[in-house]
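See structure below.
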Amino acid sequence: MIETNNFKVIIAGGSIVGLTLANALERAGIDFVLLEKREIAPDLGASIGLLCHNSRVFEQLGVVELLNTATVPLLDRAHFTKDGYQFEDGGVLKSVSDKTRRPFRFMERRFYLQTLYDNLLDKSKVHAQVGVQSFVENKQGVTVFADNGDRYEGSILVGADGVYSTVRQLISQAVAASDPLRAKNLMSPFRASYRAIFATSQNSNFNSQRPFMPDGTVHVAYHHGISGVAATGVKGLVFWFLFVKENETTSTPDCPRFTKEDEEATIEQFGHLNLGSSYTFRDLWNSKVKTAMFPMEEGVVKGSWNNGGRVVLVGDSTSKATINPGIGGNTQVEGVCHLTNEITELLKRSPTLSTQDITDMFNKYEEKQRPRAELTVALSGFLTRYEAMETWWLRLLMPVISRIPVSWVSTLLSKHFADGPLFEFLPKPNT
Ligand SMILES: Cc1cc2nc3c(=O)[nH]c(=O)nc-3n(C[C@H](O)[C@H](O)[C@H](O)COP(=O)(O)OP(=O)(O)OC[C@H]3O[C@@H](n4cnc5c(N)ncnc54)[C@H](O)[C@@H]3O)c2cc1C
């Protein structure tokens with residue numbers, strides 16, 4: 001048994017999910033310590049989207065104003081065939097924005113992370129350059145051993161440590177002898193059939209000095225086995241992605257790690273293709289500020305997301321969606337809401353807690369989050385294949401799908417966002 005008023009959360013991972021959880025726990029008045037194996041807000045990756053439902057919870061956490069002032073709302077979206085012909089300029093983004101009063105936004109990942117970190121009142125609880133290596137638990141709590149030799153005591157350990165989660169691997173190792181199938185699922189939950197270049201470029205064509213696209217716009221290009229997305233969510237910059245179907249599917253933990261030479265070879269091969277009607281991937285590449293290439297892992301961890309004790313997974317360690325619609329990271333923030341809501345409820349219930357109370361609470365969080373994660377992974381995976389026109393039947397469907405009325409799509413999307421969770425222990429945001 002532990003006493004509720006001594007409850008402390010150890011968070012492994014200080015990226016979007018770990019830092020959002022830290023902010024939520026701080027607002028809830030729950031003690032925590034966050035361990036991040038790299039620096040906080042590293043200059044890695046490129047951009048990340050903020051959708052309507054996450055804007056609502058970020059309003060509750062007091063970070064949304066800063067994110068909004070640094071960005072331009074995305075209100076226009078145009079779709080292009082492989083020949084650069086614009087076949088759809090649907091008003092979906094504008095319509096969803098009107099319905100939810102919270103437009104889509106896109107920004108540098110580093111800025112997003114830094115804003116979450118800056119918003120924390122007590123930064124002494126965040127330890128950068130400290131990686132979780134192992135843990136032991138008993139009836140009183142959990143002890144985490146870090147790679148710098150330090151140890152941290154807490155009531156629960158939350159693995160917000162991404163696709164290649166150490167915490168998930170530790171759970172896998174612990175069950176390997178008794179349940180080899182579960183161990184395998186935990187070690188190898190995601191597949192990658194596409195690679196993605198994530199890039200940020202100046203919004204100014206190197207050749208003509210003209211902007212590639214107006215601010216606040218999204219372009220989507222449909223090729224065969226390849227697609228592209230570009231978004232001007234911050235003045236002067238284009239965030240863009242090139243998605244390429246791989247010849248073979250790989251699985252975590254053996255998905256490829258790409259070098260700068262691999263990235264250049266990918267541009268060499270596909271750079272001549274159009275993204276918008278008047279510019280190519282190569283044009284964007286020539287104006288680049290920052291680029292990276294990653295495999296696009298996708299899937300949902302099967303079985304339970306906790307170890308039947310005091311350890312639970314949240315974020316990309318539980319599920320990973322392809323990035324075409326930009327929903328993945330937002331769905332992970334929903335997981336933070338569900339988990340924090342369950343923790344606060346549990347702490348209200350009783351002055352003492354058993355390990356079973358904690359495991360039951362983890363299961364309730366998962367019951368709420370898993371369907372949202374599964375839907376996100378399925379829809380994102382479909383969109384990746386559809387935009388890449390992966391099969392003949394998707395090519396046949398294109399004229400039908402592109403004629404679905406904007407009002408239907410925006411109603412469905414707005415409902416999905418409205419159904420997203422809020423932090424129940426904080427005042428509701430304005431509607
Ligand atoms: C380097 C990087 C770049 C990315 N770039 C983009 C991008 O440009 N666009 C986009 O849409 N998405 C990007 N993503 C993915 C996106 O950030 C996540 O999908 C989403 O934010 C959910 O995040 P998460 O916090 O669950 O996991 P992640 O963002 O993957 O973060 C996991 C964190 O845990 C830390 N960590 C790992 N192991 C340990 C350990 N043993 N102990 C302590 N800490 C540990 C990692 O350093 C990392 O900071 C990137 C992810 C990473 C790791």
Quiz item: Heavy-atom accessible area of ASP83 with all protein chains present, probe 1.4 Å, nearest 10 Å²?
Solution: 120
Self-check item: Long-range HN-HN contacts of PHE32 with modeled amide H, under 5 Å
Solution: VAL9
Practice problem: Work from the charge dipole of the chain (Cβ charges, +1 for Lys and Arg, -1 for Asp and Glu, about the Cα centre) and give the residue of GLY303, PHE104, ILE267 farthest towards its positive end. | Solution: PHE104
Self-check item: Within the range 186-207, backbone nitrogen closer than 20 Å to the virtual label 7 Å beyond the Cα of THR250 toward Cβ
Solution: 186-199
Exercise. Using +1 at the Cβ of each Lys and Arg and -1 at the Cβ of each Asp and Glu in the range 333-431, identify which of MET361, THR411, THR431 lies farthest towards the dipole's positive end.
Key: THR411
Practice problem: Can you work out the accessible area per residue across the chain, with the rest of the protein chains kept in place, probe 1.4 Å, in square angstrom? | Solution: 42
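At 1.4 Å probe size, put LYS125, LYS235 in order of accessible surface, largest to smallest.
Numbers: LYS125 55, LYS235 145 Å².
From most exposed to least exposed: LYS235, LYS125.
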Practice problem: May I ask for the percentage of alpha-carbon pairs in the chain that lie more than 37 Å from each other? | Solution: 23
Quiz item: Using Cα atoms only, what is the angle between the long axis of helix 166-175 and the major principal axis of the chain, expressed in degrees (0 to 90) to the nearest 10?
Solution: 60
Quiz item: If you find the alpha carbon centre of the range 264-298 and of the range 207-239, how far apart are they in angstrom?
Solution: 11
Self-check item: Over 19 Å between alpha carbons, listed pairs LYS235/LYS320; LYS8/LYS123; LYS8/LYS125
Solution: LYS235/LYS320
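Between the DSSP loop rule and a limit of at most 16 other Cβ atoms within 10 Å, which chymotrypsin sites (Phe, Trp or Tyr not before Pro) in the range 110-185 are left? Each step should come with its number before you reach the end.
Values: sites: PHE111, TYR112, TYR117, PHE135, PHE145, TYR152, TYR164; in loops: TYR164.
Those satisfying the criteria are TYR164.
Per the Kirkwood treatment, what hydrodynamic radius in Å, one decimal, follows for the range 139-213 from the mean inverse distance over all distinct Cα pairs? Intermediate results must be reported in sequence, preceding the final value.
Working: mean 1/r = 0.0597 Å⁻¹.
After inverting the pairwise mean of 1/r, the radius is 16.7 Å.
Would you mind calculating the gained length between ARG257 and SER277 on full extension (0.36 nm times residue separation, minus the Cα-Cα distance), in nm to one decimal? Before the final figure, lay out each step's value.
Details: separation 20, 0.36 × 20 = 7.20 nm, distance 3.19 nm.
Working it through step by step, the gained length comes to 4.0 nm.
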Quiz item: Rg/Rh for the range 62-110: what does it come to with C-alpha atoms and Rh from Kirkwood?
Solution: 1.10
Quiz item: Suppose every K and R has +1 on its Cβ and every D and E has -1 on its Cβ; what is the size of the dipole of the chain about the Cα centre, in Debye to the nearest 20?
Solution: 620
Quiz item: What size of dipole, in debye to the nearest 20, comes out for the range 298-431 about its Cα centre when the only charges are +1 on Lys and Arg C-beta atoms and -1 on Asp and Glu C-beta atoms?
Solution: 220
Practice problem: Per residue of the range 133-142, in order, report the coupling 6.51 cos²θ - 1.76 cosθ + 1.60 (Karplus, θ = phi - 60°) as ³J(HN,Hα) in whole Hz, putting x for Gly and Pro. | Solution: 10, 7, 8, 10, 9, 8, 5, 8, x, 10
Self-check item: Apportionment of accessible area to carbon and sulfur, the chain, percent (1.4 Å)
Solution: 53
Exercise. Specify the residue with the greatest mean-square fluctuation among VAL175, VAL96, VAL167, computed from a Gaussian network of the chain linking alpha-carbon atoms under 10 Å apart.
Key: VAL175
Quiz item: Karplus couplings for the range 73-88 from phi (6.51 cos²θ - 1.76 cosθ + 1.60, θ = phi - 60°), rounded to Hz, Gly and Pro as x?
Solution: x, 8, 10, 10, 9, 10, 10, 10, 6, 5, 8, x, 7, 7, 9, 7
Quiz prompt | Under Karplus coefficients 6.51, -1.76 and 1.60, residue-wise ³J(HN,Hα) of the range 251-263 in Hz, glycine/proline x | solution = 10, 5, x, 9, 5, x, 9, 9, 9, 4, 5, 4, 5
Exercise. Return the long-range amide H neighbours of LEU237 (sequence gap of 5 or more, or a different chain), with a cut-off of under 5 Å between placed amide H atoms.
Key: ASN203
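Once you sort the root eigenvalues of the Cα gyration tensor of the range 357-426 as a ≥ b ≥ c, which label holds: rounded (a/c under 1.5), prolate (a/b larger than b/c) or oblate (the other case)?
Numbers: a/c = 4.92, a/b = 1.97, b/c = 2.50.
Verdict is oblate for the range 357-426.
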Self-check item: Highest-fluctuation residue, ALA146, ALA22, ALA174 considered, GNM on the chain with Cα pairs under 10 Å
Solution: ALA174
Quiz prompt | Folded to 0 to 90 degrees: helix 109-118 orientation relative to the chain principal axis, Cα | solution = 30
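Would you calculate, for the chain, the mean residue ellipticity at 222 nm contributed by helices, counting each DSSP H stretch of 4 or more residues as -39,500 (n - 2.57) and dividing by all residues, to the nearest 500?
Working: 13 runs with 161 residues, N = 431.
Result for the chain: -11500 deg cm²/dmol, rounded to the nearest 500.
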Self-check item: Accessible-area value, GLU59, 1.4 Å probe, nucleic acids and ligands omitted, Å²
Solution: 60
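The values are calculated or read from the model by the stated rules, or taken from the named source; none is laboratory data. No experiment lies behind these values; they were computed from the predicted model shown. Methodologically, a virtual Cβ is constructed for each residue, glycine included, from the backbone with ideal geometry; neighbour enumeration extends over all protein chains shown. With ligands, DNA and RNA removed, areas are computed over all heavy atoms of the protein, side chains included. Shrake-Rupley method; radii C 1.70, N 1.55, O 1.52, S 1.80 Å.
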